[in-house]
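The values are calculated or read from the model by the stated rules, or taken from the named source; none is laboratory data. Note that the structure is a prediction, hence the values are computed from the model and not measured. Virtual Cβ from ideal backbone geometry, glycine too; neighbours counted across all protein chains shown.
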Amino acid sequence: MVAFNGRSSLAMSSLNPPEGRVQGTNFTPHHYKPFRSHAHYQQVMCALRKLQESGFYWGAVGGREASSLLRSEPPGTFLVRDSSDHHHFFTLSVQTARGTKNLRIHSEGNGFFLQPDPQNTQEPPQFDCVLKLIAHYMGRGSDGGKSREGACGGNSQEAKEKCFSVYLIHTGGEKIPLELSRPLSSSLSSLQHLCRRTLNNLGGSEGAEQIPHTLRDYLEEYDSPI
């Protein structure tokens, strides 16, 4: 059991099913990072549920296996997996022209963000969901990213640069721009999910009030275009 704010708290290793473990995964036993609050716990578990539906979450795959999976894929192919570092929940593995690179996805109370660039004073944008983070760096996100100074968005050139600046991967003395083009599928998606994702790509909730409640709830459970 791990403590936060001086009191007994939630930790991914200490929760009993069904609250602490998502059925059918081995995510919980491998992670010991504490949650900052119950809201943080809910945010992480919601992100996990959506990742499991995405079709490109590979679970407890290590860095070496991720490199093997991505080696024959074109640059820009990526997957999301459990982080091997117990200080983090998830890692983004992406194939580049210089081989596979692994980027830790940080998780704080305000959201998820890629590891900050030590040579850049600009804070990376934060998102309440890992899929929104991925969509942002694919160039398919909305204005859901937030810096510590506030929400991205606005018409000013400064606001646009803050939201859409290129993320650089530092490796071997080089700086490689992060490019995400397509996910590497870990499982086949259902026809229903593919239709839902297509609707998300078409832009949202126009005419949603005319959709039956059951179908509307299903669409809202997964609001990502990827």
Contacts under 6 angstrom Cβ, first residue in segment 101-113 being at positive phi, partner not in a strand (DSSP E or B), 6 or more apart: GLY111/ASP128
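Answer yes or no: is there a residue in segment 15-32 that is assigned to a loop (DSSP other than H, G, I, E, B), of a type in the set (Val, Ile, Thr) and modelled with pLDDT under 85.
Filtering segment 15-32 for residues assigned to a loop (DSSP other than H, G, I, E, B) gives 15-27, 31-32.
With of a type in the set (Val, Ile, Thr) added as a condition, the list becomes 22, 25.
Those left that are additionally modelled with pLDDT under 85: 22, 25.
Taking every residue of segment 15-32 in turn, at least one turns out to be assigned to a loop (DSSP other than H, G, I, E, B), of a type in the set (Val, Ile, Thr) and modelled with pLDDT under 85.
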Those strands (runs of 3 or more DSSP E) lying entirely in segment 101-208 with at least 3 residues exposed (fewer than 15 other Cβ atoms within 10 Å of the Cβ) and modelled with pLDDT under 90: 168-171
Candidate set: segment 46-93, residues that are more than 13 Å from the chain's Cα centre (by Cα) and aliphatic (A, V, I, L, M); chosen: the one surrounded by the most Cβ atoms within 10 Å (Cβ to Cβ): ALA66
Residue pairs meeting the criteria (Cβ under 6 Å; at least 6 apart or on separate chains; first closer than 19 Å to LEU180 by Cα, in segment 38-58; second buried (at least 21 other Cβ atoms within 10 Å of the Cβ) and among the aromatic types (Phe, Trp, Tyr)): LEU51/TYR57
